[in-house]
Amino acid sequence: MTNKATETGWKLDNSYARLPEKFFSKVELKPVSAPKLVKLNHSLAKSLGLNAEALQSEEGVAVFAGNEAPEGSLPIAQAYAGHQFGNFTMLGDGRALLFGEQITSQDERYDIQLKGSGRTPYSRGGDGRAALGPMLREYIISEAMHALGIPTTRSLAVVTTGESIVRETELPGAILTRVAASHLRVGTFQYGANWGTAEELRSLADYAIKRHYPHIEASEDRYLSLLQEVIERQAALIAKWQLVGFIHGVMNTDNMTISGETIDYGPCAFMDTYDPATVFSSIDLQGRYAYGNQPIIGGWNLARFAESLLPLLHEDEEQSVEIAQKAIEGYMGLYQSNWLAGMRAKLGLFNEEAEDEALIEELFRLMHKHRADYTNTFRVLTTGQLQGMDMCNTKEFDTWHKRWQERLDRQEGSKASSEQLMRDNNPAVIPRNHRVEEALEAAVERDDFSVMERLLAVLSDPYAYSPEQEEYAALPEPPDRPYRTYCGT
Ligand code: AMP
Ligand code: MG
């Protein structure tokens, strides 16, 4: 059968749908009137074993629009729960559907999900749809994160639907095709623990292990190992966020993956001026998900994950709690050591000295005091072009700089290799808020996608330090603060 599906290269399995029925609902497709492909990720398509050309045909686009299911798919919405700003609630895919898992030629398995594909049994009052701006925003930022070397869900395509959706105003509707190692979340386990039987919870845990941590499958304490693995991945992930100044914005437990990928690009944004209290999200009034709080919230979410695993950790509840607590206690240390290792690399340090932490702390004190731009601080330390930055023209910075240079001189290894280490760890560009907004405005208001394409091009190799990137490192003039982000629902 050489039909279009085989031409496009879809090769889908539906392992998640073999879990107990409680974990999902089958959904009907909700066709849209006039789908138009506005962005396709060619290199991602290729790595998934898909044919980019065939994906752009009418049949190919019909899949991204949710008008047709690709061969081998079983469209479902996943059930999950979650703590949203600390409050526990039932959630689920209210505006998404999972087609299935694409199996690559390397035998890897990736969820193919449509976001904005219409109502599901979990939609509550929502329309199940998404607007073009937020879907392009997820595309830009998730692909930028990937290029930065940060584990993340990816974006394969964006289509406009030809239909408007009603928010504060009417907006063009769109659907994003999201690719993920899986969409298992802490909230999926919370759902299993609260609404499932012990056996159902166990099948979920076994599934997560098989899918993400197959090396612990045979382990006697495999559920404790699962907890530890997720703690390790999240500690590493959140350290990476901190190191590039990424603020997720809505670290609810339903937005924390079991795979350790960043997920759900709603009100996220990169910090410009260094300030641990930075919050962009319009709904985060208490600053729960402020930049400086992210590591602690990561620990809080992992504690919720541990709680949901309690029935599997030991038959005796008290012992379960003890086991879980011990594992959770390890999180902060893991986070710290990931962060410190990353910080040393950002400063070109190969080895460890006891005073490194104090050196780093002093730099952050100066950055905070002088309201220095986070990314550009490390950019100028890397290039040595300090003149343009106010902080660098102060006496106290001179003192710090001298101390740092002495520290660099004490280590073995050439100056050149130290500089290379810095270049590999300090992005020359990040998706600056005003640049992202400018790209979205051109696309949404004027149907001009060229601004976004140029932005995506400079973000695709953030460590290149290319001449084109210089323009994108510049701060907005005059500074358009305070920047606010929205959930995009
Ligand atoms: P999020 O803020 O994207 O993490 O979404 C939180 C919850 O709200 C999830 O259960 C979503 O599926 C649901 N949701 C968000 N937007 C919509 C929408 N437009 N229609 C239905 N459900 C939605
Ligand atoms: Mg979410």
Check your understanding: From the square roots a ≥ b ≥ c of the eigenvalues of the alpha-carbon gyration tensor of segment 2-180, which class results: rounded (a/c under 1.5), prolate (a/b over b/c), or oblate?
Key -> rounded
**Study point:** Calculated FRET value between residue 448 and residue 170, using beta carbons and R₀ = 25 Å, to 0.05
**Key:** 0.80
Study note, to complete from the structure: So for segment 253-405, using the alpha carbon gyration tensor with a ≥ b ≥ c as root eigenvalues (a/c under 1.5 gives rounded; past that, a/b versus b/c decides prolate or oblate), I'd call it prolate
Revision key, fill the gap. Of the candidates 40, 52, 87, the farthest towards the positive dipole end of segment 2-180 (Lys/Arg Cβ +1, Asp/Glu Cβ -1, centred on the Cα centre) is 87
Exercise for review: Could you pull out the pairs from 210/326; 46/415; 11/346; 210/240; 346/369 whose alpha carbons sit more than 31 Å apart here?
Suggested key: 46/415; 11/346
Practice item. Among the trypsin sites (Lys or Arg not before Pro) in segment 116-166, which ones are in a DSSP loop with at most 14 other Cβ atoms within 10 Å of the Cβ? Mind listing them? Key: 124
Check your understanding: In whole Å, how far is the Cα centre of segment 371-397 from that of segment 307-349?
Key -> 35 Å
Practice item. Grab the eigenvalues of the alpha-carbon gyration tensor for segment 186-340, scale each by 5, take roots, and send me the semi-axes largest first in whole angstrom. Key: 29, 16, 14
Practice item. Would you mind putting 55-64, 95-104 in packing order, based on average other-beta-carbon counts within 10 Å, highest first? Key: 95-104, 55-64
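Going by how many other Cβ atoms sit within 10 Å of their own, how do 487, 268 line up, fewest first?
On the way: 487 13, 268 25.
By the 10 Å Cβ count, ascending: 487, 268.
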**Study point:** Unit charges on C-beta of K, R, D, E only; dipole of segment 1-139, Debye
**Key:** 520 debye
Check your understanding: Which of the aspartates and glutamates could a cross-linker span from residue 115 if the Cα-Cα distance has to be under 13 Å and same-chain partners fewer than 8 positions apart are dropped?
Key -> 93, 127, 138, 264
Exercise for review: Go through 403-414, 187-198, 451-462 and give me the packing order, highest mean Cβ count within 10 Å leading.
Suggested key: 187-198, 451-462, 403-414
**Study point:** nm² value of the averaged projected area, convex hull over the Cα atoms of the chain
**Key:** 24.1 nm²
Revision key, fill the gap. If 254, 107, 13 are placed from fewest to most neighbouring beta carbons inside 10 Å, the sequence is 107, 13, 254
Practice item. Only Lys, Arg, Asp and Glu count, each charged at its Cβ (+1, +1, -1, -1), so figure out the dipole size of segment 89-215 about its Cα centre, rounded to 20 debye. Key: 140 debye
Study note, to complete from the structure: Mean Cβ-within-10 Å packing, highest first, puts peptides 379-386, 67-74 in the order 67-74, 379-386
Review point. Fully extended, how many nm does the chain gain between residue 18 and residue 387 (0.36 nm per residue separation, minus their Cα-Cα distance)?
Key: 126.8 nm
Point to revise | Of every Cα-Cα pair in segment 243-285, the percent that sits beyond 14 Å | key: 50 percent
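Since every read-out is calculated from the coordinates, none of them should be taken as a lab result. What you see is a predicted model; the values in this text were computed from it and never measured. Cβ coordinates were reconstructed from backbone atoms using ideal geometry, including for glycine residues, and neighbour counts include every protein chain displayed.
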